[in-house]
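Student: First the structure, then my questions, so here it is.
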Amino acid sequence: MSARLEDILARYKPYGPVFMPGDKAPNSGTYVCDRGTMKPPVRVQLARGEEFPEVEDLGSNTRWRQTNIQS
């Protein structure tokens, strides 16, 4: 039984919407940018309606997604 490449990659797709710098936060909460590098992820806590910032090293390539962290 060999799995198709699409099936394997589908397991690792991030869940939920992805936000870019300048987008407004739809909900209050913690958002994370994984950066796609060996560096640790960047986390921000935003209130509803606040704009997503740019991460220092990524600039306009920054992508944010919501987490379930409550602190």
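Student: Can you say whether THR37 is surrounded by 13 or more Cβ atoms within 10 Å (Cβ to Cβ) and either modelled with pLDDT under 85 or of a type in the set (Val, Ile, Thr) (or both), as far as the supplied structure shows? Lay out the reasoning, then the answer.
Tutor: Values: surrounded by 13 or more Cβ atoms within 10 Å (Cβ to Cβ): no; either modelled with pLDDT under 85 or of a type in the set (Val, Ile, Thr) (or both): yes.
No; evaluated as a whole, the condition is false for this residue.
Student: Among the residues of the stretch 15-70, write down those that are part of a strand (DSSP E or B), among the hydrophobic types (A, V, I, L, M, F, W, C) and more than 11 Å from the chain's Cα centre (by Cα). If you could, list the steps in order and put the result at the bottom.
Tutor: Filtering the stretch 15-70 for residues part of a strand (DSSP E or B) gives 18-19, 24, 29-33, 42-46, 51, 55, 59, 64-66.
Now narrow it down to the ones that are among the hydrophobic types (A, V, I, L, M, F, W, C): 18-19, 32-33, 42, 44, 46, 55, 64.
Within the stretch 15-70, LEU46, VAL55 meet the criteria.
The values are calculated or read from the model by the stated rules, or taken from the named source; none is laboratory data. As the structure is a prediction and not an experimental result, all values here were calculated from the model. Please note: Cβ atoms are built from the backbone with ideal geometry, for glycine as well, and neighbour counts cover all protein chains shown.
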